[in-house]
Each structure stands twice: as structure tokens, then as C-alpha cells.
Amino acid sequence: MAERDPRNRTGRSSLLRGLVAAVLAAGMLVLSAGQGHGTGAATPAPAAEFTPLTADVLTKPTPFVATDGKTHLSYELLTTSSLPTSTPLRLDRVDVRDARTHRVIGSLSGQALADAAHPVGDPLPGADGYTPAPPGPTPTVIQGSQQWIIWLDLVLDRGQRVPRVLEHHLSGAVLAPSGPSPFEETVQATRTSGRPPLNLGAPVRPGTWYSSESCCGNTHHRRGLAPINGRFYVPQRFAIDWYRVGEQGQTWEGDPALLSSYLSYRQPVVASAAGRVVEVQDGLPDQTPPVTPPVPPIEETVGNHVTLEVAPGRYLLYAHLAPGSLEVREGDRVQPGQVLGLIGNSGNSTTPHLHFQVMTTPEFFPTDSPPFTFRQFRVVGHVEPRIWDDNLGLQPTGVLPITPSPHNGLHRARYPLDREVLEF
């Protein structure tokens, strides 16, 4: 009964020491049992063991093909240390494997792991778009009872099969007072989605457009972890901010403090697929560029917007529209190419742009963000520095530093990667 008495600190300490000892012992057992993995041969399911890390996946990984011609899987692994606060652990490697064959399809270690993992609640370095992200500290040390998120962006070579089920193999060492004790564990078998991404028409009129903050690097869309209604979501995982680009590569001309200086301002947005209007918000004022506005109430985050239902459980969001410009109402049926409204700067926006994404719910918070592709577009260049991603109006001029892209040319049924300049 001593261990159940909250006043009995000796009993509780003994229980914690016992748990640490069990985890350390389990880690040594897993280390010796896991040495045969990676050969491609199927192995029996592991026996029940104590594990120093638990893990959860926040979405069903959905494969999509990007402009590099390769298949991508982008999702998150939410890990929690099961050790007491006095016992940290060092995470050395994360292998994502085919659960059937145990073949490794992607790995993170060293600096790459440090840059892709951080404690939940810590500010995300570099995600403001114009402050470079410093390298993450190595080695990756997770304190006892701490929760970390690991951002996984897997790239499969052309022709490489997408596994039906993924498993995650974590290895490192528990940093006990008596010295490091190695551990290995295989956690969170996760089925990949068999539902293909929506293949859509352009969300804007023909012209040259800058694809900003799209997948798959350290952007505020890709790595935007949001705690909503008691759960974690990544509601903007595959969202893209669209900026109109002129013949000289400019996104604004004249005074960047004027909305009318931005080429995107009051450009039409159009239905990318046939569907039904399920949500409309209007009446919010445009923000004054290029000042970053205060964080608005959650219901005003995406500003004036239109949401279309285009398939079961699939919705298109057109956000930050100009007040009074919306041309549809809830319940309307729309056809591909139909004008929905005009680009503005409402909600949480610093310069005029269209925030576009696919959602799994009619509302933005909470929702999941699955990938999508566009039926046809041409890549004409890309922008290397990330300082242009968030607030174009803070730059000395509005001219993007566009350079040739290795993916220049015509693309069909592809997802535009971050900072590409393309023509619809």
C-alpha cells in the first residue's frame, strides 16, 4: 500500500527507479534482438517491452508526386519520453521502414535529425520566413517526460513502391546516472493512405505566380503545430500562399505600404473543381501592409474566405480575400473556373496573397491538411533565399531573385514545391 500513498515519497521514488531500471533492461534486450533487422526478411512481431519513447502519428501519410518527379510522404511523429524528469535520453536515429520487409525508406540522424525535431511548445526557428533557422543542437537530447515532434519528409525515388504500412525504428541511449544505456525500439505501425490526392485546376487566373510556404521544408505552413480543442493538428501542412509576379519578377511596385502596389491585390480567385459552397466569411477589413498584424481571434485567422466541398471529406479553402469582393453564397453550386472573389489582405496576413489548401473539414480550425496536385502548370524558376516567403513588403524592392529551377518545364498532376515560380 506504500506505493499508492501520495505522501510516501520513498515508495514513489522506488517505483520510478524500478521503471527506469525496467526501461534500461528493455533497451538492452531490444538492442540485441534488433540486430537482424534491415535485411529485407520478415521477422516475428516483437514481444511486449518497456520503451523509453512513445510515439503517435498526427495524420495518415498520403503519397504525392511533386515537381521533382519523386513521390513524397510528409507527416509528423509525436514522441513522449516515458522516463522521469531526472533521466534524459539521447535520440540518435529515426528509421522509417516498410513494416512488411523492414526495409528502410528514410532516415534521420545527426544534424538532419536535430533540424527536424524540437520540443513541443518551443518557438520554431526560421518559420517566420525571413529569419534564418540556426542549426539544431546535436546530439538530440530529450529530457525525461518531455514531448517532442519529429517532422518527417520522405522522398522516394522514381519507381520505388510506397509501403502499405510504415513502422518507425528509434535508437539512442538512456542517459542514466550510471552511464549511457543503448536502446532500440520499433513503434507506431502506420498505414499509408490509399486515397489519391485531389488533382485540381488552378485556383487563380492564368499568369505567373510565386508558390510560397509550400511543402516540404521549414515553413510556417509545413511545421505549424496547433493545439486545438485538446488535440494537436497540423492544419496547414500542404497550404500554399500565392503571389502574382510581373514580367520583371516584381510582386509590388511603388509604395509597399499601399495595398494597390501589390500585383496580387484584387486578382480573381477561381474554383479549382466543381463543388458546393459550404462556408463564406466576409466583412473583415484588409490589413495595412507591410506591418504584421496582431494575432486575430481564431475565427478570423483566415480572414474573408470561401470554402468549397468538392468530394466527400475534401474541401478547398480560399483565404485572405478582399472585403466585399465575394461573389458566392453558402449553398451555391460552382463550376471549375468560376470566380469566387478577389485576393485581399484580411485576417492574419501582412501582404496581399491567396492562401489555398485542401482540408478534411468545412472549417479551418480544427482540420487536417492532405496533399493535392494541379493538372497542369509550367515551372519557370525558383527563389533560393527564404527571406521572401512571409513579408514581401519588407524587402528593398518587390523584385523576386528568380533563378533557373532544376524542375523548369511543363508539369502535369504535380504538387509545386516551396518557392517555385510557375505559370498557370
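Of all residues in the range 234-253, which are in a strand (DSSP E or B) and either within 23 Å of residue 414 (Cβ to Cβ) or touching a helix residue (DSSP H, G or I) at 6+ places or on another chain (Cβ under 9 Å) (or both)?
240, 241, 242, 243, 244, 245, 252
Does any residue in the range 242-257 that is within 16 Å of residue 394 (Cα to Cα) come within less than 7 Å, Cβ to Cβ, of a residue that is modelled with pLDDT of 95 or more and among the aromatic types (Phe, Trp, Tyr) six or more places away or on a different chain, and which pairs are these?
As it stands, the answer is 243/209; 243/210; 251/210; 251/243; 251/262; 252/262, since those pairs meet every condition given.
Out of the range 377-405, which residues are under 13 Å from residue 251 (Cβ atoms) and in a strand (DSSP E or B)?
383, 399, 402
Any idea which residue in the range 195-233 is nearest to residue 163 (Cα to Cα), counting only those that are at pLDDT below 95, open to solvent by 50 Å² or more (accessible area, probe 1.4 Å) and part of a loop (DSSP other than H, G, I, E, B)?
Ranking the qualifying residues of the range 195-233, first place goes to 220.
Is it the case, given these coordinates, that residue 131 is modelled with pLDDT under 95, among the polar types (S, T, N, Q) and on the phi < 0 side of the Ramachandran plot?
yes
What single numbered condition from (1) more than 27 Å from residue 255 (Cβ to Cβ); (2) open to solvent by less than 10 Å² (accessible area, probe 1.4 Å) fails to hold for residue 352?
Every condition holds for residue 352 apart from (1).
Scanning the range 235-268 for residues that are among the aliphatic types (A, V, I, L, M) and within 23 Å of residue 339 (Cβ to Cβ), which turns out surrounded by the most Cβ atoms within 10 Å (Cβ to Cβ)?
240
So which of 279, 309, 299 ends up being at pLDDT below 95 and among the acidic types (Asp, Glu)?
On the way: 279 fails: at pLDDT below 95; 309 fails: at pLDDT below 95.
Among 279, 309, 299, only 299 is at pLDDT below 95 and among the acidic types (Asp, Glu).
For residues that are farther than 16 Å from residue 57 by Cβ and aliphatic (A, V, I, L, M), scanning just the range 165-194, find the one that is most open to solvent (accessible area, probe 1.4 Å).
175
Would you pick out the residues in the range 406-421 that are within 17 Å of the chain's Cα centre (by Cα) and under 23 Å from residue 250 (Cα atoms)?
416, 417, 418, 419
The values are calculated or read from the model by the stated rules, or taken from the named source; none is laboratory data. Keep in mind that what you see is a predicted model, and the values were worked out from it rather than measured. Glycine also receives a Cβ, built like all others from the backbone with ideal geometry; neighbour counts cover every protein chain displayed. Just the protein is used for accessible areas: all its heavy atoms, side chains included, with ligands, DNA and RNA removed. Shrake-Rupley method; radii C 1.70, N 1.55, O 1.52, S 1.80 Å.
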